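*Asks:* After the structure tokens below, expect a handful of questions from me.
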Amino acid sequence: MSSKWVYGFHELDTVIERCNDDWDDVRGLLGGKGANLADMTRLGVPVPPGFTITSVACNAYLDAGGRMPDGVNDEIVVALRDVEERAGRTFGSPTDPLLVSCRSGAKFSMPGMMDTILNLGLNDHTVEGLASVSGDRRFALDSYRRLIQMFASVVMNIPGDGFEKILTEVRVARDVSSDGDLTAADLEEVVARFKDLFRRSTSAPFPSDPYEQLTMAIKAVFESWNSKRAKAYRTASGIPHTLGTAVNVQAMVFGNRGSNSATGVAVSRGATTGEPRLDGDFLINAQGEDVVAGIRMTSTLDDLEAAMPEIHAELQHYATLLERHYRDMQDIEFTIENDKLWLLQTRNGKRTAQAAVRIAVDLATEGILTKEEALRRVTPDQVEFFLHPQFDPEAEATAETDGSLLTKGLNVSPGAAVGVVVLDADRAERRASENDESIILVRPETKPDDVHGMLVSAGVLTSSGGRTSHAALVARQFGKPAVVGASELVIDLNERVITVGDIVIHEGDVVSIDGTTGEVFLGSIATRVPDFDDPWLMKLLEWADAVRRLGVWTNADNPEDAERAVVLGATGIGLCRTEHMFFAPDRLPIMQDMIMASTTEDRLEALSHLLPLQRGDFAGLFRVMKGHEVIIRLLDPPLHEFLPDRDRLASELTDLKIRLISAGSLEEIDALLAQAEEADRLLKRVETLHESNPMLGLRGVRLAVLFPEMPRMQIRAIFEAAAIVQEEGVTARPSIMVPLTSTAGELEALHDIAAEMAETIELERRIEIDYRFGTMIETPRAAVTAGELAETAEFFSFGTNDLTQMTFGISRDDAERNFLLHYLETGVLQSNPFNTLDRQGVGKLIESASLAGRAVRPGLHIGICGEHGGDPASIALVDALGLDYVSCSPLRVPVARLAAAQSALDLAEQENTTDT
Ligand code: PEP
Ligand code: MG
């Protein structure tokens with residue numbers, strides 16, 4: 001092994017050779033920052049010259065109890081000579097001194113954990129040189145006092161208070177409020193007093209020898225590897241303590257040397273929309289921190305192009321080069337010193353969801369990425385962005401919106417919402433229904449009792465709680481934008497005001513929250529639903545469709561939802577919940593008549609009124625789906641759901657009886673008696689239907705077996721609708737799905753009804769009915785006896801909502817209101833099984849049921865239609881289990897398309913690795 005300790009930034013090839021071409025080892029030896037600086041240098045990017053002292057040197061130094069290994073100092077001197085030559089300045093020169101920075105840089109980024117010292121090389125003589133070459137004595141003295149202060153704290157561990165006290169005293173004496181207002185003469189005094197404090201604190205003068213400064217700084221950075229905070233950070237992030245840190249010594253460049261100097265930040269493509277053009281900000285005659293601090297108004301790079309066209313062209317050239325090299329959009333820090341461009345850092349840039357999609361697609365179109373790589377660059381959450389309302393970026397930029405940033409919290413449920421602040425759930429419900437207001441429910445935290453208020457609100461904001469808090473879980477579940485844990489909000493529920501610092505917000509004031517970023521704004525900001533015809537998203541999803549194996553279908557109960565889902569890319573309806581069709585005001589009374597019927601005849605009479613309505617519903621779906629499969633589920637919920645509430649009926653009846661006592665006229669008595677009789681009849685029926693555990697009672701297939709008139713009507717409506725649209729020239733592909741099946745006998749009973757009805761309609765209409773008959777798998781027994789069910793069922797659809805409830809033996813509503821949060825917070829459960837399929841339990845049932853079903857009926861078509869159908873992790877699981885499709889709500893369809901493509905790519909990759 002080579003014993004070279006120090007490598008110039010231009011010596012990357014030697015390092016690569018030493019590391020046998022292993023880039024991971026290069027990063028280990030030079031640290032992430034050193035490796036990148038060397039990589040940029042090798043690319044020919046103008047990086048200020050410098051060198052890296054390896055992490056091996058750091059470990060040797062620490063192992064030797066703080067003694068520099070032999071040879072390191074000599075190598076540093078040689079490397080520094082080289083830097084001097086490249087920079088055209090000499091370290092310690094009293095006329096044009098080279099200054100260097102000394103920064104830590106470990107293999108893995110540990111932001112802010114270790115030390116940095118800037119401006120090394122300044123002393124009483126060199127500071128004069130810097131003053132004269134920069135033409136700015138104030139700047140030179142300010143750099144000098146910063147060096148003493150930083151050196152004292154980092155290298156000598158002198159507490160910073162003494163230095164701050166001196167600065168304050170000088171500011172007070174000169175009657176100025178900020179350090180920036182101190183003059184060169186003031187700073188001269190500061191430097192003198194700093195040196196004095198340094199001497200008093202260390203019993204030694206501030207080292208004026210630049211080499212001594214440098215060696216002491218390097219040792220201090222080595223030692224900062226073992227600082228308390230660095231150790232704690234490594235323990236928390238799982239970074240091995242044995243790695244050590246490299247140290248980068250680099251020539252300082254200054255953007256504040258006059259009107260031909262500048263400093264700025266550039267992105268190789270727009271971070272907001274992804275537009276392929278260089279974008280960014282800069283400041284003439286300024287230091288890096290001036291750009292970031294936002295004290296001075298920055299200019300755009302268009303102004304740079306106007307002011308310094310060659311430099312702009314050069315920057316553009318390097319931005320393109322770096323983007324191609326790192327194969328991603330770059331965020332670049334640059335400095336211009338006396339008309340010379342320097343690049344100080346580059347990294348993959350942060351971007352909005354919209355930009356992420358466009359950049360991925362553009363990079364693939366330009367041949368920089370493959371389509372598969374582009375598909376992996378975008379997350380399903382970023383696709384979701386296109387489906388939720390967002391703040392209009394243009395509106396945000398104008399003054400009319402009055403929306404200034406109030407505070408930030410955790411971005412737990414995406415989307416933007418604007419509304420009046422309401423501080424409790426009951427009031428939210430009242431204001432929403434009485435005034436039809438858009439509401440932001442603001443609470444310290446939410447509880448199950450608040451759910452009704454959350455449901456009527458446009459968004460939810462809390463001052464405490466984390467990503468798995470009740471508010472976060474419920475908001476995500478109902479697709480409400482939410483920001484939680486905005487700890488700056490002080491909510492006074494008695495006075496009904498919120499304060500943030502000096503700002504007071506009263507209940508009823510308007511705020512805007514952005515669940516995608518976690519930002520909270522005062523006042524109202526215009527929102528818009530981003531166009532789903534974004535051409536880059538369309539392209540990406542087209543690529544996704546070409547890669548994925550899983551079909552993506554939708555759960556839709558009416559033509560409007562189906563239409564929306566088709567626009568979003570669904571190619572089938574995996575679940576039409578027919579019960580939703582009976583809740584409409586014109587249908588509920590007929591449904592109630594059907595339930596109240598005491599004879600089969602009466603029941604048939606009511607059903608005959610429902611038949612044409614259902615037929616119309618199904619024909620509508622077939623027309624929209626134009627030959628794609630439509631799976632219609634027979635009635636599922638318990639009948640009491642269609643009747644009024646038992647307690648409400650009982651109290652109405654009592655009320656009527658009281659009114660009867662005091663009724664005046666005979667007519668009034670008659671009317672009240674009739675009403676009471678009707679209420680009594682209803683109540684009796686409700687009471688007969690009452691079950692102690694309705695979700696496990698008379699519902700699903702059991703209803704169909706007990707009252708076969710109902711499925712007969714539904715199946716007739718399905719077949720008649722198919723016949724009607726076929727006559728219009730539209731292909732219909734109906735499938736009949738039986739809910740909550742547990743036994744093969746149940747399925748056979750329904751199959752007989754379907755077969756008989758098909759025959760009847762074929763005779764009546766003289767057409768052939770092409771349909772499939774299948775079942776949901778929602779009970780563990782159905783999963784375990786799937787082989788038997790497959791004798792009758794031509795397809796399976798896993799109802800993973802119920803299957804999860806029944807496998808765990810827990811009711812979702814009760815769990816989410818009570819113990820689930822506790823389970824998640826304490827780690828009893830890793831994730832909410834109602835959001836992400838439980839791999840070990842429910843996943844196993846799906847796996848064995850699919851295998852058993854296909855053993856009996858090869859090619860059995862299988863999908864899932866619970867809420868998991870739109871969850872990327874669950875999609876990956878069912879893809880791995882070989883299912884055919886997922887069915888999800890319309891808005892999840894694009895998310896599922898990308899997730900299915902990513903899962904297909906992962907599976908292909910796993911297969912390749914197993915093959916090799
Ligand atoms: C299911 O149980 O997963 C399902 C889709 O049915 P529902 O949600 O209507 O009970
Ligand atoms: Mg179900």
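The values are calculated or read from the model by the stated rules, or taken from the named source; none is laboratory data. The structure presented is a predicted model; accordingly, all values stated were derived computationally and were not measured. Positions of Cβ are generated from backbone atoms using ideal geometry, with glycine treated the same way; all protein chains shown enter the neighbour counts.
*Asks:* Tell me the residue from SER797, SER831, SER811, SER848 that is within 16 Å of ligand 2 (Cβ to nearest atom), polar (S, T, N, Q) and more than 25 Å from ALA717 (Cα to Cα), please.
*Replies:* Working: SER797 fails: more than 25 Å from ALA717 (Cα to Cα); SER831 fails: within 16 Å of ligand 2 (Cβ to nearest atom); SER848 fails: within 16 Å of ligand 2 (Cβ to nearest atom).
The unique qualifying residue is SER811.
*Asks:* For the range 812-836, give me each residue that is within 16 Å of ligand 1 (Cβ to nearest atom), in a helix (DSSP H, G or I) and touching a residue at least 40 places away in the same chain (Cβ under 8 Å).
*Replies:* Within the range 812-836, just GLU816 meets the criteria.
*Asks:* Now for a separate question. Identify the single condition in (1) touching a residue at least 40 places away in the same chain (Cβ under 8 Å); (2) surrounded by fewer than 18 Cβ atoms within 10 Å (Cβ to Cβ); (3) more than 16 Å from ILE218 (Cα to Cα) that VAL77 does not satisfy, given that it satisfies every other one.
*Replies:* (3)
*Asks:* Here's a follow-up. Please specify each residue of the range 357-385 satisfying the condition of being buried (at least 16 other Cβ atoms within 10 Å of the Cβ), more than 13 Å from the chain's Cα centre (by Cα) and among the β-branched types (Val, Ile, Thr).
*Replies:* Within the range 357-385, VAL357, ILE359, VAL361, ILE368 meet the criteria.
*Asks:* Output the residue which, of all residues in the range 50-64 that are of a type in the set (Gly, Ala, Ser) and not in a helix (DSSP H, G or I), is surrounded by the most Cβ atoms within 10 Å (Cβ to Cβ). Spell out the reasoning first.
*Replies:* At the first step, the residues of the range 50-64 found to be of a type in the set (Gly, Ala, Ser) are 50, 55, 57, 60, 64.
Filter again for not in a helix (DSSP H, G or I), leaving 50, 64.
Numbers: GLY50: 27, ALA64: 11.
Out of the qualifying residues, it is GLY50.
*Asks:* Now for a different question. Out of the residues in the range 837-866 meeting the condition of being away from ligand 1 (no atom under 14 Å from the Cβ) and of a type in the set (D, E, K, R), tell me which one is farthest from LEU473 (Cα to Cα).
*Replies:* ARG857
*Asks:* Out of all the residues in the range 768-784, which are of a type in the set (A, V, I, L, M) and under 30 Å from GLN726 (Cα atoms)?
*Replies:* ILE769, MET776, listed by residue number.
*Asks:* Separate question: Return yes when GLY453 is at pLDDT 85 or above and in contact with a strand residue (DSSP E or B) (Cβ under 9 Å, 6 or more places away or on another chain) and no when it is not. Break it down stepwise before answering.
*Replies:* Details: at pLDDT 85 or above: yes; in contact with a strand residue (DSSP E or B) (Cβ under 9 Å, 6 or more places away or on another chain): yes.
Here the answer is yes, as GLY453 does meet what is asked.
*Asks:* Taking interchain pairs and intrachain pairs at least six residues apart, which have beta carbon atoms under 6 angstrom, with the first residue in the range 864-876 and over 15 Å from LEU891 (Cα atoms) and the second assigned to a loop (DSSP other than H, G, I, E, B) and not β-branched (Val, Ile, Thr)?
*Replies:* Pairs that qualify, where the first residue is over 15 Å from LEU891 (Cα atoms) and the partner is assigned to a loop (DSSP other than H, G, I, E, B) and not β-branched (Val, Ile, Thr), are SER874/LEU837.
*Asks:* Which of the residues that make up the range 675-704 are over 43 Å from the mean Cα position of the chain (by Cα), touching a residue at least 24 places away in the same chain (Cβ under 8 Å), surrounded by fewer than 17 Cβ atoms within 10 Å (Cβ to Cβ) and outside any loop (DSSP other than H, G, I, E, B)?
*Replies:* Residues satisfying the conditions are ASP680, ARG681, GLU687.
*Asks:* Taking ASP115 as the residue in question, decide whether it is modelled with pLDDT under 90 and buried (at least 21 other Cβ atoms within 10 Å of the Cβ).
*Replies:* Details: modelled with pLDDT under 90: yes; buried (at least 21 other Cβ atoms within 10 Å of the Cβ): yes.
Yes, satisfied.
*Asks:* If you take the residues of the range 338-356 that are surrounded by fewer than 21 Cβ atoms within 10 Å (Cβ to Cβ) and charged (D, E, K, R), which of them is modelled with the lowest pLDDT?
*Replies:* LYS350
*Asks:* Could you please find all residues in the range 586-627 being closer than 25 Å to THR688 by Cβ and either in a loop (DSSP other than H, G, I, E, B) or among the small types (Gly, Ala, Ser) (or both)?
*Replies:* Scanning the range 586-627 gives ARG587, ALA597, SER598, THR599, ALA606, SER608.
*Asks:* Restricting attention to the range 546-585, and to residues there that are in a helix (DSSP H, G or I) and within 16 Å of ligand 2 (Cβ to nearest atom), which single residue is nearest to ARG733 (Cα to Cα)?
*Replies:* So the residue we want is THR578.
*Asks:* Working carefully through the options THR807, THR760, THR775, THR779, find the one that is away from ligand 1 (no atom under 16 Å from the Cβ) and either surrounded by fewer than 21 Cβ atoms within 10 Å (Cβ to Cβ) or on the phi < 0 side of the Ramachandran plot (or both).
*Replies:* Numbers: THR807 fails: away from ligand 1 (no atom under 16 Å from the Cβ); THR775 fails: away from ligand 1 (no atom under 16 Å from the Cβ); THR779 fails: away from ligand 1 (no atom under 16 Å from the Cβ).
The unique qualifying residue is THR760.
*Asks:* Still on this model: Among the residues of the range 528-561 satisfying the criterion of being at pLDDT below 95 and of a type in the set (A, V, I, L, M, F, W, C), which is nearest to VAL383 (Cα to Cα)?
*Replies:* Result: PHE532.
*Asks:* Here is a follow-up. Of the conditions (1) assigned to a helix (DSSP H, G or I); (2) within 16 Å of ligand 2 (Cβ to nearest atom), LEU905 fails just one. Which one is it?
*Replies:* Failed condition: (2).
*Asks:* List every residue pair whose Cβ atoms sit under 9 Å apart, with the two residues 6 or more apart in sequence or on different chains, where the first one lies in the range 800-811 and is under 11 Å from PRO833 (Cα atoms) and the second, anywhere, is of a type in the set (Gly, Ala, Ser) and near ligand 1 (Cβ under 8 Å from one of its atoms).
*Replies:* THR800/GLY866; ASN801/GLY866; LEU803/GLY866; THR804/GLY866
*Asks:* Say whether the condition of being surrounded by 19 or more Cβ atoms within 10 Å (Cβ to Cβ), among the hydrophobic types (A, V, I, L, M, F, W, C) and more than 24 Å from the chain's Cα centre (by Cα) is met by at least one residue in the range 832-839.
*Replies:* no
*Asks:* Then there's this: Which ones in the range 769-787 are closer than 17 Å to ILE846 by Cβ and away from ligand 2 (no atom under 16 Å from the Cβ)?
*Replies:* Filtering the range 769-787 down to residues closer than 17 Å to ILE846 by Cβ leaves 774-787.
Of everything in the range 769-787, those that are closer than 17 Å to ILE846 by Cβ and away from ligand 2 (no atom under 16 Å from the Cβ) turn out to be VAL784, THR785, ALA786, GLY787.
*Asks:* Being modelled with pLDDT under 95 and not small (Gly, Ala, Ser) is the filter here, so list the residues in the range 889-908 that pass it.
*Replies:* The answer is PRO890, LEU891, ARG892.
*Asks:* Moving to a separate point now. Which condition number does ASP636 fail, the rest of (1) assigned to a helix (DSSP H, G or I); (2) within 16 Å of ligand 1 (Cβ to nearest atom) being met?
*Replies:* Evaluating ASP636 over (1) assigned to a helix (DSSP H, G or I); (2) within 16 Å of ligand 1 (Cβ to nearest atom) leaves (1) as the failure.
*Asks:* Has the range 752-761 got at least one residue that is farther than 26 Å from ILE715 by Cα and either away from ligand 2 (no atom under 16 Å from the Cβ) or assigned to a helix (DSSP H, G or I) (or both)? Please lay out each step first, then the result.
*Replies:* Our first condition is that a residue be farther than 26 Å from ILE715 by Cα; within the range 752-761, this holds for none.
No: zero hits.
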